[in-house]
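The values are calculated or read from the model by the stated rules, or taken from the named source; none is laboratory data. Everything numeric in this text was worked out from a predicted model, so none of it was measured. All Cβ positions, even for glycine, are placed from backbone atoms using ideal geometry, and neighbour counts span all protein chains on display. Heads up: the accessible areas ignore ligands, DNA and RNA and are worked out on the full protein's heavy atoms, side chains in. Shrake-Rupley method; radii C 1.70, N 1.55, O 1.52, S 1.80 Å.
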Amino acid sequence: MGNSEYLARRTAPLLRQLNRTDAPLLVGTDHPRGTRAAVPTEGIEFTDRDAVLADRDVDIVYISSATGRHFADCRAALAAGKHVLVEKPVCLTAAEARELDASARARDRTVFECLSYPYHPAWNDFLARVRAADRAGPVSVSAVFRIPGREPTDFRRRPQHGGAAADLGTYCVDALVRLGAVAEDLKFGAVLLGGSETDGGAALTSRVIDGNTVTYAGSWAIGDSYANGVVVADPRRRLELLRVFSPPVDTPVGVVERRPGEPGQAVATAHGPANATRACLTAGTRYARDARTAGLVDRSAILRRIAVLEEATAALSA
């Protein structure tokens with residue numbers, strides 16, 4: 001349901017593979033062949049949303065609509081008895097997330113948020129190295145995601161779709177929490193990178209872990225430059241993972257280590273070609289087919305992340 005650029009670029013061919021059939025992929029959309037139609041027509045059967053929901057051969061619905069429509073589309077799919085895979089974020093408010101979880105549980109269905117980057121082996125290696133490191137002194141953890149060149153009509157710029165916070169901010173806050181930040185302790189502020197056309201935000205917190213002060217900082221924006229990476233550093237070592245939130249498909253990715261006073265950099269580890277989106281979708285369908293799984297997968301963590309971003313967005317808007 002929905003016809004996004006991401007569906008065309010990443011997921012449509014993978015969904016066809018998961019179907020294990022030559023039958024076309026049903027795409028229910030309000031914009032089947034207009035300027036917003038992103039999905040290539042080969043292997044696609046365009047129809048409307050109701051037709052997708054009414055099709056008895058459809059077990060799982062993938063939601064690829066604009067962010068502000070995720071909640072309504074997920075709710076409709078659950079009401080039709082479908083399992084749901086939905087692009088991040090699953091919805092914009094904690095109340096909506098709780099309603100979807102309750103609805104899915106009542107119908108013995110699964111809702112799975114497709115946030116792909118944690119499924120890439122380079123991320124898991126990076127996370128393991130950070131957790132195993134023997135830290136001495138203050139530690140800084142930073143996550144940044146900035147993208148340029150979005151038109152004013154882009155859904156990421158529209159308040160009803162959550163703005164840059166719902167899209168780019170979700171990545172940064174999620175990464176900080178996975179690296180040890182407490183979601184509820186994050187303090188948010190606006191980021192201005194290039195004038196009134198910039199839509200962005202920042203999150204900051206700190207805590208003491210094993211005697212070391214760890215500072216967490218995230219920033220995101222739609223502006224005039226591109227940045228995409230996570231860095232964990234202390235006085236002795238700096239670990240970097242670039243393109244973390246959109247790792248190149250089927251391209252080697254490495255964790256980079258730098259040490260003060262030593263020239264250049266060393267690749268701590270290199271991973272062969274991988275497709276995080278494929279791994280994420282595979283995991284999602286596995287949950288949906290597991291009879292013991294019902295409700296919103298990873299409910300607690302997703303609720304906390306949505307709640308802090310919802311509160312921050314409301315405060316900044318006010």
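I'm checking my understanding of the structure. Among residues of the range 70-80 that are under 22 Å from Cys280 (Cα atoms) and not basic (Lys, Arg), which one is surrounded by the fewest Cβ atoms within 10 Å (Cβ to Cβ)?
Phe71
Taking the condition of being open to solvent by less than 40 Å² (accessible area, probe 1.4 Å), among the small types (Gly, Ala, Ser), within 30 Å of Val208 (Cα to Cα) and under 18 Å from the mean Cα position of the chain (by Cα), how many residues in the range 134-163 meet it?
1
Only residues that are in a loop (DSSP other than H, G, I, E, B), modelled with pLDDT of 90 or more and open to solvent by 40 Å² or more (accessible area, probe 1.4 Å): list them for the range 214-235, please.
Once the filter is applied, which keeps residues that are in a loop (DSSP other than H, G, I, E, B), modelled with pLDDT of 90 or more and open to solvent by 40 Å² or more (accessible area, probe 1.4 Å), the range 214-235 yields Tyr226, Pro235.
If you scan the range 105-133, which residues turn out to be closer than 30 Å to Gly272 by Cβ and surrounded by fewer than 17 Cβ atoms within 10 Å (Cβ to Cβ)?
Across the range 105-133, the qualifying residues are Pro118, Pro121, Asn124, Ala128, Arg131, Ala132, Ala133.
Can you report the number of residues in the range 164-191 which are without any contact (Cβ under 8 Å) to a residue 40 or more places away in the chain and open to solvent by 50 Å² or more (accessible area, probe 1.4 Å)?
Residues that pass the stated criteria total 2.
If you check Ala128, Ala166, Ala104, which single one turns out to be at pLDDT below 95, among the small types (Gly, Ala, Ser) and closer than 22 Å to Thr11 by Cβ?
The match here is Ala166.
Residues in the range 86-102: is at least one free of Cβ contacts under 8 Å to residues at least 60 places away in the same chain and open to solvent by less than 10 Å² (accessible area, probe 1.4 Å)?
Yes, because at least one residue in the range 86-102 is free of Cβ contacts under 8 Å to residues at least 60 places away in the same chain and open to solvent by less than 10 Å² (accessible area, probe 1.4 Å).
Of these, Val256, Val249, Val208, Val244, which one is surrounded by fewer than 19 Cβ atoms within 10 Å (Cβ to Cβ) and either of a type in the set (Gly, Ala, Ser) or not in a strand (DSSP E or B) (or both)?
Selected residue: Val249, the only one of Val256, Val249, Val208, Val244 that is surrounded by fewer than 19 Cβ atoms within 10 Å (Cβ to Cβ) and either of a type in the set (Gly, Ala, Ser) or not in a strand (DSSP E or B) (or both).
Scan the range 8-42 residue by residue and report those that are surrounded by 14 or more Cβ atoms within 10 Å (Cβ to Cβ), at pLDDT 85 or above, β-branched (Val, Ile, Thr) and part of a loop (DSSP other than H, G, I, E, B).
Thr29
Going through Ala288, Ala301, Ala307 one at a time, which residue ends up being touching a residue at least 40 places away in the same chain (Cβ under 8 Å), open to solvent by less than 90 Å² (accessible area, probe 1.4 Å), farther than 21 Å from Asp250 by Cβ and in contact with a strand residue (DSSP E or B) (Cβ under 6 Å, 6 or more places away or on another chain)?
Ala288
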